[in-house]
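Participant: Sharing a structure here in C-alpha cells format.
The values are calculated or read from the model by the stated rules, or taken from the named source; none is laboratory data. What you see is a predicted model; the values in this text were computed from it and never measured. Neighbour counts are summed over all protein chains in view; Cβ atoms, including those assigned to glycine, are modelled from backbone coordinates with ideal geometry. For accessibility, only protein heavy atoms count, side chains too; no ligands or nucleic acids. Shrake-Rupley method; radii C 1.70, N 1.55, O 1.52, S 1.80 Å.
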Amino acid sequence: MPRRYHIRTFGCQMNEHDSGRAAGVLESLGYRATSSPEDADLVLLNTCAVRENADNKLYGTLGHLKSTKDARQAAGQDLTIVVGGCLAQKDGVTVAERAPWVDVVYGTHNLPALPALLAEADSAELPVVELIEQLETFPSALPAKREVRHHAWVSISVGCDNSCTFCIVPRLRGGERSRRPGEIIHEIRQLVEDGVVEVTLLGQNVNSYGRDLFGASRFAELLRELGAIDGLERVRFTSPHPRDFTEEVLEAMAETPNVMPHLHLPLQSGSDRILRLMRRSYRRRRYLRLVERTRQLLPDAALSTDIIVGFPGETEADFEATLEVVDAVRFDQAFTFQYSPRPGTPAAALVEAFVPPEVVAERYGRLEPMVRAHSLARHQALVGTAQELLIESPSKSDVRRWSARTRGNHLVHLPAAPDTPGEPPAYAPGDLVVAEVLEAATNYALAAAPEQVRHTAAGRATARAMAAGDGWRTATVTPGVGAARPLPIVATPAG
Ligand code: SF4
C-alpha cells in the first residue's frame, strides 16, 4: 500500500503554490494523497506567520496531531509530522522544542531538501530541523501537483525588497529573487500543453518582477509575452504593490487580451501620515491617480484591495482619510483587517501607540458596511449583462450550481449542467461560457444557464472524468521547470 500524505495549508497563495510543490515531491516519492489526516502516514503543515494567532493555530494543531500519532503508534503504525513554511522559518528549533513529536521542520527556502530530510528523520531520534537563510533553488524546479486541470499557480519571484512596518514577509522569505523569463514562459507553455487555460502569476511583489535580474521591472514585457501563448485564455497576478504600478504595466494589460482586467491594489490606509509610518512608499494622491489612470486605460477593470484599521497611532482623522479614499474608489472587493501586531515587525514595537481594541472595532464597524455597499453596487452593475465565465468548480453552498469567475474575477454561480449518468456534462469546470447575470449579492452574482459554451481541453477532460464517476478534481503532477541550478548567493544587507 503506498504511504498516504495529507497537507494542511495556512495563509496565502504563495503557500498554496508551495504546498502544490510539496505534494509533487511526496508523490514523486511514492506517497498518495488522502483528505483525512487520521488516515495519513505523513501530515505536512505548511504554515503562515502573518496573523498573531498563527502560532496558536500551529501549536494547537500539533497538540491534536500528537494524540493521533500516539494512537497510530499504539496500533503498530506511525505518523510522520512535518512542519514547513513561514512560521517554521521564524520559529525553527522552537517548533521542535515545543512539539518534540514533530519529525521534520524546514523553512521557506529549502523545500527542495524535503526528500533528504524525510530520509534523515527515518533513523533520527530527535526532530530534524533545517533552515537556510536564502533560497538556493526556486520551488518551481520541483514537480507540482494540481487539484484542477484548468488552473495553475506560477511563481515568478519570491521574497520582497520592501519593508512595510507591519509585515514579516521580507524577514521570512528574504529579498526579491526573480525567475528567468525564459523559464517562466517554458513552464507556462508546458502547462497549456497539459490543458491549463488560466495561470495566476505569484510573487510577494509581482510588478517589480525582474528588477533584481535586469535592474528594472520587466513585468510589462512578461505580460505581453504571455499574450502570445495560444491556448492561454486567462492571466492573473498577485500581489502587486501600488508603488511599482507603472504606465507600461497598465498599457500591457490594456493591450494584451488574455491578461484579465482585475487589479488587487492593497491600499492599507488612506492617510499619508499612516502610510509613512507603514513605510508603504506611496501616498493617497498617487494611489488615487493610479486608480484614475487604471480606469482610463482599463474601463472594465475590477479593483480589489487590502485595508488595515487601527494601525498604531491611527487617529480619527487618519481613519476618516481611509474612508474618503474608499468612498472615492468604490472597490469591487475589499479585504479588511483589524491591526494585529506581528512579533518581530517594527510596528509591533509601537506598543505605546496601539489603538484601544474597542476603538479599532468601532472604526472597523464603520468601514465594513461601506465596502460591502460598494461591493454590492459593483456586483449589481453586472445584472442584465452577458459575462464570459470560466467555470471553476461545483458551488460549495449549492450542489445545483457551479461557481465561475468573470474576467474581472467576480464570483458568479450558474446552474450546473444537466446530469445524465455516464454522459459528459454539456459544460464543466475548465470550460468558458457566456451567461446573463440575473441577480447580485455583496460578494457574488447569480447567472442564467449559458447562452454560449466554449469547450476547452481541460473542460472536456473534466467532463469525461465526471461521466466516468471520477469527480471534477484531478491529481495531476507536472514536472518542475528550471533544473535545480543553485542560485547565486546574494549578500544580505548587514543587520
Ligand atoms: S510589499 Fe510590504 S506587505 Fe507586501 S510582502 Fe512586501 S513588506 Fe510585506
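Participant: If you stretched the chain out fully between ALA349 and GLU133, how much longer would it get, using 0.36 nm times the residue separation minus the C-alpha to C-alpha distance? Numbers along the way, then the final one.
Facilitator: Working: separation 216, 0.36 × 216 = 77.76 nm, distance 2.38 nm.
Extra length available between ALA349 and GLU133 comes to 75.4 nm.
Participant: When the accessible area of the chain is split by element with a 1.4 Å probe, what percent falls to carbon and sulfur? All intermediate terms of the calculation are to be shown ahead of the outcome.
Facilitator: On the way: 11050 of 21090 Å².
Whole-percent figure for carbon plus sulfur exposure: 52.
Participant: Specify the inter-centroid distance of the range 232-280 and the range 400-474, based on alpha-carbon positions, in whole Å.
Facilitator: Each part's Cα centre sits 29 Å from the other's.
Participant: Using θ = phi - 60° and the Karplus form 6.51 cos²θ - 1.76 cosθ + 1.60, what ³J(HN,Hα) does each residue of the range 239-256 get, whole Hz, x for Gly and Pro?
Facilitator: Result, rounded to whole Hz: 9, x, 10, x, 4, 8, 7, 9, 4, 4, 5, 4, 5, 4, 5, 5, 9, 10.
Participant: In nm, what is the difference between 0.36 nm times the number of residues separating ARG366 and ARG293 and their Cα-Cα distance? Write out the running numbers ahead of the final one.
Facilitator: Working: separation 73, 0.36 × 73 = 26.28 nm, distance 2.82 nm.
Full-extension gain reported as 23.5 nm.
Participant: Could you work out the relative contact order of the chain, using alpha carbon pairs under 8 angstrom and six or more residues apart, expressed as a whole percent? Intermediate values should be presented prior to the final figure.
Facilitator: Numbers: 1009 pairs, mean separation 63.2, N = 495.
Here the relative contact order equals 13 percent.
Participant: On to the next question. Treating only the Cβ atoms of Lys and Arg (+1) and Asp and Glu (-1) as charged, compute the dipole magnitude of the range 386-455 about its Cα centre; round to the nearest 20 debye.
Facilitator: Charge dipole of the range 386-455: 200 debye, to the nearest 20.
Participant: So what is the relative contact order of the range 139-380, in percent, for Cα pairs below 8 Å that sit 6 or more residues apart? Walk me through the intermediate numbers first.
Facilitator: Details: 402 pairs, mean separation 39.6, N = 242.
Taking the mean separation of contacting Cα pairs over the length of the range 139-380, I get 16 percent.
Participant: Let me ask another. How much accessible area per residue does the chain have, counting only protein heavy atoms and a probe of 1.4 Å, in square angstrom?
Facilitator: Details: 21090 Å² over 495 residues.
Result: 43 Å² per residue.
Participant: So for the pair VAL477, PHE337, with labels modelled 7 Å out along Cα→Cβ, what separation do we get in nm?
Facilitator: 3.4 nm
Participant: Report for the chain the percent antiparallel among DSSP-assigned beta bridges with both residues inside it, nearest 5.
Facilitator: Values: 25 of 66 bridges.
Of those bridges, close to 40 percent are antiparallel.
Participant: What number, in percent, do you get for the relative contact order of the range 386-455 if the mean sequence gap of Cα pairs under 8 Å and at least 6 apart is divided by its residue count?
Facilitator: Working: 153 pairs, mean separation 22.3, N = 70.
For the range 386-455, the relative contact order is 32 percent.
Participant: May I pose another question? Run the dipole for the chain about the Cα centre, Lys and Arg Cβ at +1, Asp and Glu Cβ at -1, nothing else charged, and hand back the magnitude in debye, nearest 20.
Facilitator: Numbers: 54 positive and 62 negative charges, 89 e Å.
The dipole magnitude comes to about 420 debye.
Participant: Along the charge dipole of the chain, pointing to its positive end and built from +1/-1 on Cβ of Lys, Arg, Asp and Glu, which listed residue (SER269, PRO139, VAL360) has its Cα farthest out?
Facilitator: SER269
Participant: Under the rule that a partner needs its Cβ under 4.7 Å from the first Cβ, which Cys of the chain have none?
Facilitator: Result for the chain is CYS12, CYS48, CYS86, CYS160, no neighbouring Cys Cβ within the cutoff.
Participant: In whole Hz, what ³J(HN,Hα) sequence does the range 384-396 give by Karplus (6.51, -1.76, 1.60; θ = phi - 60°), x for Gly and Pro?
Facilitator: x, 9, 8, 10, 7, 10, 9, 6, 9, 5, x, 5, 5
Participant: Given R₀ = 51 Å, FRET efficiency for ARG285-ARG224 by Cβ-Cβ distance, to 0.05? Show your work: numbers first, answer last.
Facilitator: Working: r = 29 Å, r/R0 = 0.57.
Computed FRET efficiency for ARG285 and ARG224: 0.95.
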